[in-house]
Amino acid sequence: MSLLFKHTPQAAAIALFAGLLAPACAQTLDEVVVSASRAQARSFDAPAAIQSVDRSTIQNGGPQVNLSESLVRVPGLTILDRSNYAQDLQLSIRGFGARAAFGIRGIRLLIDGIPATTPDGQGQGSSISLTSMDRIEVLRGPLAQLYGNASGGVIQAFTKPASKVPLVDYQYYVGDYGLHRADYQFSDTVGDYGIVADYGTFTIDGYRDNSRTERKQFNGKLDFNTNDQTHVNLVFNQFDMPLAQDALGLTYAQWTANPQQQGRNSTATKTAAEFGVRKTILQNQLGGSAVYTIDKDRAITSRAYYGTRDNLQFQVGTTGINANGAWTGLNRSYYGLGLQYNERSKLAETPMDWVAGYEFDRSRELRQAGTASQGQKVLTNRNEENQAENSDLFAQATAHVSEQVALVGGLRASNVRFASTDYYTNGAGSGDVSYSATSPVVGLTYFATDHLNLYANYGQGFETPTLAELAYQNVGGSPVGAFNPRLNASTSRHFEVGTKWVPTRSARLDFALFQINSTDEIVVDVTSGGKTSYKSAPGTSRTGFELGASMLLTPHVSASLAASMIDAKYSQGFSSATVSGANYIDAGNKIPGIPQTSLFSELAWTSAATAPGAKSASSGSRLAIEMVQSGRIYANDTNTASVDGHTVFNLSASQRWAVDKATLTLYARLNNASDERYVGSVIVNSSQYIESGLPRNWMLGVSISAPL
């Protein structure tokens with residue numbers, strides 16, 4: 001880990017914070033989180049690495065389109081912005097999820113307690129309507145394993161509570177490359193009923209050729225009490241993306257010549273636009289949860305949800321019958337339910353917090369594919385039904401042994417089943433497979449003082465293949481469209497030690513060290529013609545640290561820092577065939593797609609004084625400068641391709657006025673102010689592995705909030 005402290009930008013920033021922290025005076029000690037223990041607890045007391053990003057931070061981060069705007073300030077969480085809305089963000093926690101070809105895998109997403117991750121571990125960050133979120137929690141480390149399959153970390157978002165009076169909010173943003181963002185929101189409480197309704201639109205032409213995107217999103221929440229003991233939340237959300245053009249990846253030579261150009265097919269004969277490469281998505285989800293409070297120490301929570309997701313994607317042509325293009329369509333329906341019991345009691349005079357529950361989730365999708373011409377369907381040559389479901393029992397207990405010592409223990413028994421019925425080949429490509437795992441977690445927290453905690457955790461987890469990874473077999477060195485039951489689930493062992501220090505009411509530091517050892521991690525086996533089959537690597541390891549700090553330097557000046565370092569590598573060698581032919585992956589090679597270092601720091605000034613413990617100033621001006629750094633990223637398993645790290649500076653400003661009972665806020669941002677040319681993200685194990693980062697770009701916004 002010493003490499004981070006050898007005259008690097010991270011070292012300078014961390015050293016600066018170390019010098020400032022002792023005399024500093026900003027962070028609320030009573031910030032509440034629920035992800036670590038499935039019950040409300042102070043973030044400071046939670047025996048895990050967990051951060052919460054509040055509403056003010058989400059809004060100051062930008063137009064509230066991407067999670068990367070606000071979650072970049074969470075240590076251990078890496079979000080590489082592809083600037084490609086057809087593929088979603090490239091998001092990873094402690095390296096889990098980094099090699100996802102699209103969407104988010106290996107990380108559990110929950111919105112108001114309702115899963116936004118399917119049983120196979122796939123999720124979409126765009127499911128979170130940022131304009132209506134009150135806060136977002138990010139849980140890393142062993143305790144995340146108690147959320148089941150593919151829980152390399154947990155991201156949980158919570159819709160803002162209904163206002164006490166009728167309230168209308170309007171936001172509008174414009175920016176570079178044709179960015180337009182509008183949002184309309186209504187909130188009110190009538191008797192025992194509270195409602196939040198949010199509708200937003202987003203369009204952008206895009207920095208690169210063939211990258212125009214159109215999105216519409218609705219998020220609504222209704223909460224009410226049926227009696228003095230029962231509180232109900234009903235949530236409906238819709239995500240409609242009628243167009244998301246895909247600019248594809250570039251080779252290094254193409255990126256060097258023109259980072260704004262679109263990619264081509266493997267023979268470089270046609271561009272993405274000539275093939276009509278794009279994606280459309282329509283998702284609807286309805287869910288509900290009910291909390292029945294038995295008494296002050298006991299409660300039962302139930303949840304149920306149902307949703308549909310239609311996904312159609314047009315791809316570049318390769319060879320043979322797909323020379324003019326290809327298409328893939330996924331029509332999914334999914335549902336689930338859960339039951340959870342919480343209790344506070346005593347065991348032999350020892351105070352205990354208990355939680356136990358059951359969760360069942362199921363998805364069923366029709367996968368079709370075929371040939372295309374200029375972005376239009378020609379024929380169908382794949383037609384199958386895929387199913388995935390999980391059935392899990394879990395329990396977690398925290399024993400407050402003394403005023404200074406708390407012990408936590410948990411266990412989750414999971415069963416995940418996949419099945420595929422191939423209609424096109426009359427069952428030749430059909431198959432099914434089941435995975436079972438028992439995931440234990442143990443931990444200890446030592447409350448050294450009222451302002452200093454030390455903790456240590458150990459846990460075991462597992463990660464099954466996704467339906468997309470099970471979709472192809474390696475037959476004679478080529479990927480063939482047939483269900484692959486030979487893939488193993490990855491298993492992992494997580495070790496973590498950390499500390500949380502709050503020297504004053506307005507300063508806080510969180511630090512964690514971790515070691516993760518995995519076996520059977522799922523990696524690319526063969527890639528050809530846009531198809532990929534997968535295999536299991538014998539062993540990987542991840543070692544690193546995370547540092548988060550925030551402080552109020554003066555009543556008008558605040559600072560924050562999130563720094564991470566990770567050494568993610570293959571601990572055992574293995575053979576693999578990639579796009580460049582047969583290769584042997586040496587032990588010690590770095591796992592691709594994972595930045596070795598990352599750093600976010602912000603220095604902000606507000607015209608109105610901020611009291612210690614307050615989240616933000618309520619009115620006046622705000623000016624801030626951000627530094628965002630990302631280290632070297634390897635692009636393939638052989639480590640023959642990589643991209644350099646980069647550092648960008650962002651400037652932001654806002655001005656808020658009180659107009660009678662309403663508030664008016666103006667926002668301005670200048671991202672990449674120094675206009676650094678850099679690679680935004682990499683496509684793992686592809687010859688066209690580069691996705692361009694954005695040059696200098698601007699954004700202006702206005703927000704109006706008015707009671708009726």
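The values are calculated or read from the model by the stated rules, or taken from the named source; none is laboratory data. This is a predicted model, so every value here is computed, not measured. A quick note on method: Cβ atoms are made from the backbone with ideal geometry, for glycine too, and the neighbour counts reach across all protein chains shown.
Assorted remarks:
- Counting only strands (runs of 3 or more DSSP E) that sit wholly inside the stretch 565-662, those with at least 2 residues that are within 26 Å of P63 (Cα to Cα) and modelled with pLDDT of 95 or more are 597-606, 620-630, 646-659.
- Qualifying residue in the stretch 391-399 (condition: under 30 Å from A482 (Cβ atoms), under 27 Å from the mean Cα position of the chain (by Cα) and not acidic (D, E)): yes
- Hits in the stretch 358-381 (condition: of a type in the set (V, I, T) and more than 23 Å from E469 (Cα to Cα)): V378
- Matching option when the condition is assigned to a loop (DSSP other than H, G, I, E, B) and closer than 30 Å to R215 by Cα, among G317, G288, G307: G317
- All positions within the stretch 400-422 that are part of a strand (DSSP E or B) and either within 30 Å of G481 (Cβ to Cβ) or more than 27 Å from the chain's Cα centre (by Cα) (or both): V405, A406, L407, S414, N415, V416, R417, F418, A419, S420, T421, D422
- Every pair of residues 6+ apart whose Cβ atoms lie under 6 Å, when the first sits in the stretch 696-708 and is of a type in the set (S, T, Y) while the second is assigned to a strand (DSSP E or B) and surrounded by 14 or more Cβ atoms within 10 Å (Cβ to Cβ): S703/Q171; S703/T665; S705/D169; S705/T663
- Check on G249, modelled with pLDDT under 95, touching a Phe, Trp or Tyr at 6+ places or on another chain (Cβ under 9 Å) and of a type outside the set (A, V, I, L, M, F, W, C): yes
- The conditions of being under 21 Å from R181 (Cβ atoms), modelled with pLDDT under 90 and part of a loop (DSSP other than H, G, I, E, B) are not met by R38.
- Only one entry in R508, R542 is charged (D, E, K, R), within 27 Å of the chain's Cα centre (by Cα) and buried (at least 23 other Cβ atoms within 10 Å of the Cβ), namely R508.
- Taking the conditions (1) of a type in the set (V, I, T); (2) farther than 23 Å from Y207 by Cβ; (3) under 25 Å from the mean Cα position of the chain (by Cα); (4) modelled with pLDDT under 90 in turn, T8 satisfies each one other than (3).
- Residue tally, condition in a loop (DSSP other than H, G, I, E, B), of a type in the set (D, E) and over 17 Å from G121 (Cβ atoms), over the stretch 423-481: 1
- Unique match (being closer than 22 Å to N311 by Cβ and surrounded by 15 or more Cβ atoms within 10 Å (Cβ to Cβ)) among V441, V416, V433: V416
- Residue within the stretch 125-138 that is in contact with a strand residue (DSSP E or B) (Cβ under 8 Å, 6 or more places away or on another chain), over 17 Å from S68 (Cα atoms) and of a type in the set (S, T, Y) present: no
- Scanning the stretch 346-380 for residues that are surrounded by fewer than 17 Cβ atoms within 10 Å (Cβ to Cβ) and of a type in the set (A, V, I, L, M, F, W, C), we see that the one that is nearest to V277 (Cα to Cα) is V378.
- Residues of the stretch 137-147 satisfying the condition of being surrounded by 24 or more Cβ atoms within 10 Å (Cβ to Cβ) and of a type outside the set (G, A, S): V138, L139, R140, P142, L143, Q145, L146, Y147
- Test: residue in the stretch 213-233 that is among the aliphatic types (A, V, I, L, M) and either in a loop (DSSP other than H, G, I, E, B) or under 30 Å from F102 (Cα atoms) (or both): no
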